[in-house]
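A.B. asks: Mind looking over this structure? Questions follow.
Just so it is clear, none of the values below were taken in a lab; they were calculated from the coordinates. Note that the coordinates shown come from a computational prediction; the quantities given were computed from them, not determined experimentally. Methodologically, a virtual Cβ is constructed for each residue, glycine included, from the backbone with ideal geometry; neighbour enumeration extends over all protein chains shown.
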């Protein structure tokens, strides 16, 4: 058995690839949690009375956050599949 | 000259020794194998000294006591104060720790070396250690041949331990055989005269072997078979402690200012401790006897008693020095001044890049990150002034519309001069240093290093683009044509917002905030695409600006876009926490140009 094959076997046996995947999953879950809580706080701010300029700014941030959440969920789905 | 004579002389003495005594040959071979084992062990630990150590270091050296603990534990594990000293110099050089913490690490390492004496006296001399050496060597060598960095590292560590065991075995065997032919103990010298003679021998032996650890192991082995007396062994141990600083000072002659300061601290510490130990030798020996009796060491177990002495002597030194660390730091910083303090150069140079950090890939990487941040700080100022905006206003909470009204200077800032003095040299040093550091790095590290080199280039390119932008920006910012004036001031506001946001990112720790702000400035960057968003078309169609103005605006919007692109790309590399979730996702959460388009479309 070649060295490369041996290392692949060790990686597979020890589940090192899975470990990397699960660490990524954990990271994306952490980020999604933070982004969702940020979204909630922007929602709350938008519901309160704010100036036109601030409202525009918050709406833009909300659009970005929603996009990031969607992106994060897609990554998580891919990692789970 | 001395070196030219010294080495052949040592060879002649050794050759003569081998010729007259096969036992001496065994002992010398044992010492050589032991030293080779230490080198191999250091090689192995260097593989792991990167990321893990850096992370531990951040949390464990913020106080003097924690630094001492760090030095003690790492030396006890790696059994090499030499490697720990190299690490400490590298960490200071990379700006990861200060001199006081470095001194703390050295203090801890000094106590850490005593574990070697305990292991040797407690186990090494009592069991047949060579039986463990063989399998360790076989497994170790097999692992060294593996491609994976960590397996290779483990291989070096196992082989190192194997050689240490084998070395001890040969030393022990050599001394045991020697006992049958010659009794070195007859050469023992009593009293104060003996103390000084054997301290001297300890110094010379340590300088020759470049390791106090090896000297102490040799002393313990000789003591275990009665070839030296307990009193002389104590003197040899004190000598070894002085000898080790001589090697450290010699090694630091070629190092940078941090290395010189640290080795000077090491020298002062060990010399004073040794002087106090010599002056108070009788009460110290009494204390050793008392402690030994208290912990149940037999009165005639001299090897363990020597380990007690070694520990007591070193702990005493550390306790004695702790109250004076700040004064020692002050003294060394005043006495040994670096280039940065000695000469104020008009050409700014790198602050964190020096040879001492090259040894360890993680510290080299940390130094490059810090230097790139230094380059960014300079570029930030140049870009702000190039736009004729005050840096302090950008960093304040002032409305951006007001920020651009408060001009930095009535005259045009010479970006070329700024570039020559504060960018070019540092950038060149980063690239040169990165090339040198690369040779010690793994493929993954090299990939990270490449990203850092690109980040530096992004900074340089952003400055160059500002230079191109500056000419028309200053020409049109107060132009009588209101439309072109608005466009150029819009560019200034946009870039001021970019600089403010990047500065905020550099200080942020919340990752959701970082992602949001990075995405936001990426979205805002699209405002410079005046062809696609119809701005230029509208201005020309309605005859609001001249053709010349239109061409300038098109080119300059493109420069503003490039500046933003370069700065955002740089921020994604240097301001993202290495141990954070964003980094772990390899940039998957950063938005692409297509993502920006989708966000803009949704917002419309």
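A.B. asks: Cα atoms only, the protein assembly as shown: Rg and Dmax in Å?
C.D. replies: 32.4, 110
A.B. asks: Would you mind getting me the FRET efficiency between residue A:37 and residue B:457? Use the beta-carbon distance for r and R0 = 41 Å, nearest 0.05.
C.D. replies: My answer for the efficiency is 0.65.
A.B. asks: Determine the distance separating the Cα centre of the stretch B:291-311 from the Cα centre of the stretch B:225-241; give it in Å without decimals.
C.D. replies: Answer, in whole Å: 14.
A.B. asks: Separation between the residue B:326 and residue B:529 pseudo-spin-labels, each 7 Å from Cα along Cα→Cβ, expressed in nm?
C.D. replies: 5.8
A.B. asks: Can I ask one more? Taking the Cα centre of each part, how many Å lie between the stretch B:397-434 and the stretch B:156-179?
C.D. replies: 61
A.B. asks: At 0.36 nm per residue, and after removing the present C-alpha to C-alpha distance, how many nm does the segment from residue B:13 to residue B:406 gain when stretched out fully?
C.D. replies: 133.6 nm is the gain from fully extending residue B:13 to residue B:406.
A.B. asks: Moving on to the next point. From other protein chains only, count the Cβ atoms within 10 Å of every residue's Cβ in A:51-61, then give the mean.
C.D. replies: 1
A.B. asks: Can you tell me the length gained on complete extension of the stretch residue B:540 to residue B:450, counting 0.36 nm per residue apart and subtracting the Cα distance?
C.D. replies: The residue B:540-residue B:450 span can extend by a further 28.1 nm.
A.B. asks: How many nm is it between the label spots at residue B:355 and residue B:598, if each spot is 7 Å from the Cα in line with the beta carbon?
C.D. replies: Distance between the two pseudo-spin positions: 5.3 nm.
A.B. asks: Would you please put B:539-548, B:446-455, B:570-579 in order of how densely packed they are, using the mean number of other Cβ atoms within 10 angstrom per residue and starting with the highest?
C.D. replies: Answer by packing, highest mean first, reads B:570-579, B:446-455, B:539-548.
A.B. asks: Sticking with this one: How do B:315, B:369 line up, fewest other C-beta atoms within 10 Å first?
C.D. replies: With the fewest neighbours first, B:315, B:369 line up as B:315, B:369.
A.B. asks: Order these by the 10 Å Cβ neighbour count, fewest first: B:488, B:132, B:170.
C.D. replies: Fewest-to-most ranking of B:488, B:132, B:170: B:132, B:170, B:488.
A.B. asks: Something else now. Taking each residue of B:593-601 in turn, how many C-beta atoms of other protein chains fall within 10 Å of its C-beta, and what is the average?
C.D. replies: Mean partner shielding for this stretch: 2.
A.B. asks: Rounded, prolate or oblate: which fits the stretch B:74-178 when a ≥ b ≥ c are the square roots of the eigenvalues of the alpha-carbon gyration tensor, with rounded for a/c under 1.5 and prolate only if a/b beats b/c?
C.D. replies: Because a/c hits 1.5 or more and a/b fails to exceed b/c, the stretch B:74-178 counts as oblate.
A.B. asks: Given a Förster distance of 56 angstrom, what is the FRET efficiency for residue B:416 paired with residue B:134, based on the Cβ-Cβ distance and rounded to 0.05?
C.D. replies: Efficiency at R0 = 56 Å is approximately 0.25.
A.B. asks: Using the C-alpha gyration tensor of the stretch B:376-491, what are the square roots of 5 times its eigenvalues, in whole angstrom, with the largest one first?
C.D. replies: One finds semi-axes of 35, 14, 13 Å for the stretch B:376-491.
A.B. asks: Please work out the C-alpha center-to-center distance from the stretch B:463-524 to the stretch B:92-132 and express it in whole Å.
C.D. replies: 53
A.B. asks: Sticking with this structure for a sec: Where does each of B:460, B:12 land when they are ranked from fewest to most other beta-carbon atoms within 10 angstrom?
C.D. replies: Neighbour counts put them in this order, fewest first: B:12, B:460.
A.B. asks: Something else: Between residue B:398 and residue B:506, take the C-beta separation as r, use R0 = 22 Å, and let me know the FRET efficiency to the nearest 0.05.
C.D. replies: Efficiency, rounded to the nearest 0.05: 0.70.
A.B. asks: In addition: Given axes a ≥ b ≥ c from the Cα gyration tensor, I'd like to know whether chain B is rounded (a/c under 1.5), prolate (a/b larger than b/c) or oblate.
C.D. replies: prolate
A.B. asks: Here is a further query. With label points built 7 Å along Cα→Cβ from the Cα atoms of residue B:36 and residue B:141, find their separation and express it in nm.
C.D. replies: With each label placed 7 Å out from Cα toward Cβ, I get 1.0 nm.
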